[in-house]
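Reading through the structure tokens given below for one structure.
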Amino acid sequence: MPNFTWGTIDYYISRLTSPERNPPLRIDICNQHLTDNDAIRLADALLHHSNDSSRCGSKLKLLRLRGNNITSTGFLAICEAIGGVADDISALEELDMGNNRVVSNIDDFAFAMYLLFSAAPNLKHLDLTGNRIGLSNDGDMKLIGEILSLNEHYGGRLETLNLSDNFLCDRAVIHLAETMMISEFKSLTRLDLSLNYIGVRGAEALAEVVACNSTLEHLLLRSNSVGDLGATLFASALKTNDTLLELNLGYNGITSVGMKELRTAVYNTTSLNSLVTSNHTVSILFYGYCADNNDDQYRGCTREQLLEMDQILRINALPKHYPDLPPIPQLKLAFRLRQSFDMKYFHRIDRKHLPEVLRFVSAHVGADKLFYIMKEMPLAVCAS
């Protein structure tokens, strides 16, 4: 067999078509300027029969073709190859077509998705980042949403869907949200809609999904335009949601007004019923920096210092320190933190950050916990 450079398309095609070697279970050909012709060559190789008479494509579990120049023509060829092994049932679990142009022809794309979902019931992760979906007709997103619902129809297990950086606007997201409400997407746990053009109307539709959906655990909306009104809508939805673990609203033009609404939804320090009315599953609530100038009350630590505390306190959520965080027992309910800190991290703290870290810890930890924390710190630190 000729020697080809590992990781190139020629290498993988030779692996798929060689009678002397087992076909690969993973194909990763990212950022190599692949064209539709290359995708068609790969599709033909996937249809090749292996030594046990099954098609090579039926054994493939991971296919990554991210960052190439593949259009809907090449994508259709790939999905036809996956559909061509339907008799063997495709083992494909992850497909990454990010940063290509697979929606250049919506009809070809729709048929390709139909073939994909009907032939690959084991597909768990689908990445369509940066494919300019929103530049086509907004109604096409409704079609795409309906196609995605085929995953449920065929008993699929799609868990993560990445549609970030696709020029999606409110109307497109509303179509997607409507589909999610109808089909419930019972297997979907992670949806990434970051880097789009989603405003208040889109936020309202997605907030309804959050309020009603019982499986979605991660919703990423970083770098959109939901603003304070959108933040308020999500805050209201969080109060009736008990499955969401992560809500990323970073860089959405949210001011201190929206931040307060979100924090109150996660833990309301002014309500005696806060343990009942607050969301107790969200452990990652990120809404970026204040978009207004009245954020003095939110300053307290640098980002570098917060990262130290993030490692210590396991609060993977807040980009800034807030003085009104509740005591540790309630914080555990609100943020799913441990009752006691993981002490092993304290000896790794940079000494220059200790004053701010200790100020934060002493404000929220009892004397007994503080004793064990100090005990874990290096002797030189305790003596200084």
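The values are calculated or read from the model by the stated rules, or taken from the named source; none is laboratory data. Keep in mind that this is a model prediction, so the values were computed, not measured. With ideal geometry, Cβ positions are generated from the backbone for all residues, glycine too; neighbour counts draw on all protein chains shown.
Filtering the range 166-199 down to residues that are in a helix (DSSP H, G or I) and among the hydroxyl-bearing types (Ser, Thr, Tyr), which residue is modelled with the lowest pLDDT?
Step one: list which residues in the range 166-199 are in a helix (DSSP H, G or I), which gives 170-183.
From what's left, among the hydroxyl-bearing types (Ser, Thr, Tyr): 179, 183.
On the way: Thr179: 84, Ser183: 71.
Once the filter is applied, the top-ranked residue is Ser183.
Consider only pairs whose beta carbons are under 7 Å apart and that are at least six residues apart or on different chains; among these, list those whose first residue lies in the range 29-47 and is under 14 Å from Arg15 (Cβ atoms) and whose second residue is of a type in the set (S, T, N, Q) and in a helix (DSSP H, G or I).
Ala45/Thr17
So, in the range 230-252, exactly how many residues are buried (at least 18 other Cβ atoms within 10 Å of the Cβ) and outside any loop (DSSP other than H, G, I, E, B)?
Going through the range 230-252 one residue at a time, the tally reaches 11.
Can you pull out the residues in the range 106-124 that are more than 24 Å from the chain's Cα centre (by Cα) and over 16 Å from Glu146 (Cα atoms)?
Correct list: Ala119 only.
Could you identify the single residue in Leu92, Leu116 that is part of a loop (DSSP other than H, G, I, E, B), at pLDDT 80 or above and aliphatic (A, V, I, L, M)? Steps first, please.
Values: Leu116 fails: part of a loop (DSSP other than H, G, I, E, B).
Checking each option against the conditions leaves just Leu92.
Answer yes if at least one residue in the range 131-153 is in contact with a Ser or Thr (Cβ under 7 Å, 6 or more places away or on another chain), modelled with pLDDT of 90 or more and buried (at least 17 other Cβ atoms within 10 Å of the Cβ), and no otherwise.
No, every residue in the range 131-153 fails to be in contact with a Ser or Thr (Cβ under 7 Å, 6 or more places away or on another chain), modelled with pLDDT of 90 or more and buried (at least 17 other Cβ atoms within 10 Å of the Cβ).
Name the residues in the range 180-194 that are surrounded by 21 or more Cβ atoms within 10 Å (Cβ to Cβ) and farther than 22 Å from Ser223 by Cβ, would you?
Of everything in the range 180-194, just one residue is surrounded by 21 or more Cβ atoms within 10 Å (Cβ to Cβ) and farther than 22 Å from Ser223 by Cβ, namely Phe185.
So, Asn213, is that one at pLDDT 90 or above and buried (at least 22 other Cβ atoms within 10 Å of the Cβ) or not?
Working: at pLDDT 90 or above: no; buried (at least 22 other Cβ atoms within 10 Å of the Cβ): yes.
Spelling it out, it is not the case that Asn213 is at pLDDT 90 or above and buried (at least 22 other Cβ atoms within 10 Å of the Cβ).
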